[in-house]
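The values are calculated or read from the model by the stated rules, or taken from the named source; none is laboratory data. Since we're looking at a predicted model, the values are computed, not measured. Cβ sites come from the backbone with ideal geometry, for glycine too, and all protein chains shown count toward neighbours.
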Amino acid sequence: MIVTRFAPSPTGRLHVGNLRTALHNWLLARKGDDDGAGRFLLRIDDTDAERSREEYVDAIRQDLAWLGLEPDAEYRQSERLDKYDAAFEQLKEAGRVYPAYETAQELELKRKIALGRGRPPIYDRAALAMSGEERAAKEADGISPHWRFKLDREQHIDWEDGVRGPQKFDPAQLSDPVIRRADGSWLYMLPSVVDDMNMGVTDVLRGEDHVSNTAVQVQMFSALHEAGFGPEHCDVIDSFPRFGHTALLVGKEGKLSKRLGSLSCEALREQGIEPEAILSLLARLGTSKPVEPIADRQVLIDGFDLETFGRAPAKFDDAELERLNAAIVHQLDFDEVQGRLPEGMDAAGWHAIRPNLSHVGEAGEWWQLVTGPIDQPEFSEEDRAFLGNAADALEWSDNPWGDLTAALKARTGRKGKPLFLPLRQALTGMDHGPDMSELLPLIGEDEARARLRSAAG
Ligand code: GLU
């Protein structure tokens, strides 16, 4: 059974970068779902009370629902603090966390000194060397400690990454991470591990900006196992989750970070981008599979395979998203869009107009060609006579456009553009647009004749 999770912090709107991670995790869970047992979890990482906002929690749920990536269960870290406390106490007993008293300024100074000496800025473990009296003195001065996780420098870190292949880290090259602030609040690192264990997450799939977190977290998983953080705290897992780190998403011109506001799920929805276009792009970007407009999610699920992911940054291109969107719109059925169409537009209307749209929201402008009023151009005298002829020749049948153009061809000898363009202009006010054989029946006989007569002057 596959269990994945998407773990956003509710400090802003979801953007293409985190939608991509959500989608990958959803696809992986659904792909492992043959027996109906794959699970995709939403975990709200809201331990940072100051920056987390309820409105963003709601927005995350809405965005995922709009994309059709609904989770099988939702958890909130702020409701699970007792679990983190339990893990913390166990790690403390096992000697894997220690108190530290340095201020931010002291740490910054140490960092600068190390860099100045050409050394990597690894925490020097000064706090670990403190004696009981030294600690007591700090406490007596009213200084509460923050807490660091003690990496085991003897235990080298490696894992087989689903995207990046074998990964190795030397723990001596890493700082013992701060896991808890002096006020008792949690930083990201330990709660995430506790949750992954507790929720039986089998696959942690996220962006490569988390690779160095994984190095530390791999040791946290081991430390918790060794400390006996067992079945009474967590349900299932007795082995490590698999890890996969996807290459970052970049813009055509480099980093996406500055543009993320305009690439939020909300902004894309307001621009008229369809969920299927976003999913089609984000499922395949950075993989060896072609990006194609795929409206059927099962095709995306079946084709999802970490083996196809490359290590080079995945390039996000707005123009590609727009192209996919138009292609997706052209595939949408009437019942999928009905609620978003102008009043009175029926399945035949949607079918006629759909090929002209890049966004569903443009349907109204085109539908006005049917309902009127339309703006006709000025016609030459010759064209006016031709259009008068057309008004007389118009006969209503199953195929009024085919019959009309055939009759006019026979009567006037016109063909090609001189035959079709004035008719289109008189009937729609436009030089181009939907297929006239579909549009004319929608305009209707009386209105069509009236438009031809008014054009004839
Ligand atoms: N809240 C973290 C983030 O948004 C989660 C990372 C993870 O997937 O573990 O970066």
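Quick look at the numbers
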{"quantity": "Subset of the stretch 201-211 that is at pLDDT 95 or above and outside any helix (DSSP H, G or I) - its residue that is farthest from the ligand (Cβ to nearest atom)", "calculated": "203"}
{"quantity": "Residue in the stretch 6-19 that is within 12 Å of the ligand (Cβ to nearest atom), polar (S, T, N, Q) and surrounded by fewer than 17 Cβ atoms within 10 Å (Cβ to Cβ) present", "calculated": "yes"}
{"quantity": "Restricting the stretch 39-50 to residues that are surrounded by 12 or more Cβ atoms within 10 Å (Cβ to Cβ) and part of a loop (DSSP other than H, G, I, E, B), the residue that is nearest to the ligand (Cβ to nearest atom)", "calculated": "45"}
{"quantity": "Of the criteria (1) out of contact with any helix residue (DSSP H, G or I) (no Cβ under 8 Å at 6 or more places or on another chain); (2) within 16 Å of the ligand (Cβ to nearest atom), which one residue 198 fails", "calculated": "(1)"}
{"quantity": "Number of the condition not met by residue 41 [criteria: (1) among the aliphatic types (A, V, I, L, M); (2) in contact with a helix residue (DSSP H, G or I) (Cβ under 7 Å, 6 or more places away or on another chain); (3) at pLDDT 95 or above]", "calculated": "(2)"}
{"quantity": "Top-ranked residue in the stretch 159-195 [being of a type in the set (Val, Ile, Thr) and within 13 Å of the ligand (Cβ to nearest atom); ranked as surrounded by the fewest Cβ atoms within 10 Å (Cβ to Cβ)]", "calculated": "194"}
{"quantity": "Looking only at the stretch 409-439, and only at residues there that are assigned to a helix (DSSP H, G or I) and in contact (Cβ under 8 Å) with a residue 60 or more places away in the chain, the one that is nearest to residue 382 (Cα to Cα)", "calculated": "439"}
{"quantity": "Cβ-Cβ under 6 Å pairs, at least 6 apart or on other chains, the stretch 5-18 side under 23 Å from residue 314 (Cα atoms), far side in a loop (DSSP other than H, G, I, E, B) and more than 9 Å from the ligand (Cβ to nearest atom)", "calculated": "5/201"}
{"quantity": "Check on residue 442, hydrophobic (A, V, I, L, M, F, W, C), within 18 Å of residue 367 (Cβ to Cβ) and in a helix (DSSP H, G or I)", "calculated": "yes"}
{"quantity": "Helices (runs of 4 or more DSSP H) wholly inside the stretch 296-386 that include at least 1 residues being of a type in the set (D, E, K, R), in contact with a Ser or Thr (Cβ under 8 Å, 6 or more places away or on another chain) and modelled with pLDDT of 95 or more", "calculated": "318-329"}
{"quantity": "Matching option when the condition is farther than 23 Å from residue 69 by Cβ, buried (at least 16 other Cβ atoms within 10 Å of the Cβ), of a type outside the set (Ser, Thr, Tyr) and within 19 Å of the chain's Cα centre (by Cα), among 313, 293", "calculated": "313"}
{"quantity": "Some residue of the stretch 61-71 being part of a loop (DSSP other than H, G, I, E, B), polar (S, T, N, Q), at negative phi and surrounded by 12 or more Cβ atoms within 10 Å (Cβ to Cβ)", "calculated": "no"}
